[in-house]
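Down below is the structure, laid out as structure tokens.
Computed from the coordinates by the stated procedures, all read-outs in this text should not be read as laboratory data. What you see is a predicted model, and the numbers here were worked out from it, not measured in a lab. Positions of Cβ are backbone-derived with ideal geometry, glycine not excepted, and every protein chain shown enters the neighbour counts.
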Amino acid sequence: MSFDISPLLEKAVAGGRLTPDEGLRILESHDLIAIGQAANAVARRLHPEPYRTYNIDRNINYTNACTAVCDFCAFYRTPKHAEVYVLPRDVLLQKIAETVEQGGEQILMQGGLHPTLPLEWYEELLRDIKSHYPNVNIHGFSPPEIHHFTKISKRPLKEVLERLKAAGLGSLPGGGGEILVDRVRAAITRGKVMTDDWLNVHRVWHQLGGRSSGTMMFGHVETLASGSSISTGFGSCRTKREDSRRSLVGRSSPRTPRCHTFPPRERLST
Ligand code: SF4
């Protein structure tokens, strides 16, 4: 027997907050048209202006060296691999120059978890970019990288973020979010930040006044319940711990406007 999700969608459209159970009901309905219409209604309520905006940016991967192992990642190389690289500074700056020439105003700069580069290297990188391109927003360093920096530098998270912000970091990407359920993360990644630490990077960044985005990668070993956790719980970037009954990420505090985008990405089989 199918479940009528209309009341739940009406609640969401009116601004009500869905519970993880309600999110799961909606996902289980597979009613993509109704969900899409409701999402559009919410978007128009939040942004009634008759236009939408976009920005031009470029992904720049400053290194492919990584100490973690993620089953879905074809990008990384182990630190001693023959194909490992750290982008020379002139090459990195040239990529930004090309972006600016095309009207770009932001770079998404992420890398693997490099085993030895110190925190000072990242600070100097940010300062160098900002000295050349003060108007380019650096949307950089995913939570796994930030967490890794705290380990490399042996400095507290807040200090690491403050130093990067002072050096020119503009906003945080949501890379490495995948599914915010430890069971799922442990199954597809090794040596990478788990749920609480991922969320904490965003939480502290928001406390510093920063903005961020959150990326969900689905289509692997997650269940609809764990997918529901990130779409209903993570929407605020203020979620917290696993729910033992359904492996859902519960919510710990009111929403803030600091999570500005939420790009879900389906993992494509190769
Ligand atoms: S942490 Fe990032 S770069 Fe490293 S293996 Fe995982 S997805 Fe790839």
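Annotation for Lys130 and Glu159: the two label points, set 7 Å from Cα along the Cα-Cβ direction, are 2.0 nm apart.
Within 10 Å of each candidate Cβ there may be at most 15 other Cβ atoms; applying that plus a DSSP loop requirement, which GluC sites (Glu not before Pro) in the stretch 100-176 survive? Kindly include the intermediate steps, with their values, before the conclusion.
On the way: sites: Glu101, Glu105, Glu120, Glu123, Glu124, Glu145, Glu159, Glu162; in loops: Glu105.
Hits after loop and neighbour filter: Glu105.
Between Tyr54 and Arg17, what is the FRET efficiency for a Förster distance of 30 Å, r being their Cβ-Cβ separation, to the nearest 0.05? E between Tyr54 and Arg17, to the nearest 0.05, is 0.60. For the stretch 99-124, the residues whose amide N sits under 15 Å from a probe point set 7 Å from the Cα of Ala166 along the beta carbon direction are 119-124. In a fully extended conformation the segment linking Val42 and Ala187 would gain 48.8 nm over its present Cα-Cα distance, using 0.36 nm per residue. Exceeding 24 Å between C-alpha atoms, which entries from my cross-link table qualify? They are Lys158/Lys192; Lys130/Lys151; Lys95/Lys154; Lys80/Lys130. Result: Lys130/Lys151; Lys95/Lys154; Lys80/Lys130 exceed 24 Å.
Which number do you get for Rg(Cα) / (2.2 N^0.38 Å) in the stretch 1-53? Intermediate values should be presented prior to the final figure.
Values: Rg = 12.0 Å, N = 53, 2.2 N^0.38 = 9.9 Å.
Its radius of gyration relative to the 2.2 N^0.38 Å reference: 1.21.
Amide H to amide H, with H built 1.01 Å from N, Arg211 comes under 5 Å of Leu172, counting only residues 5 or more places away or on other chains.
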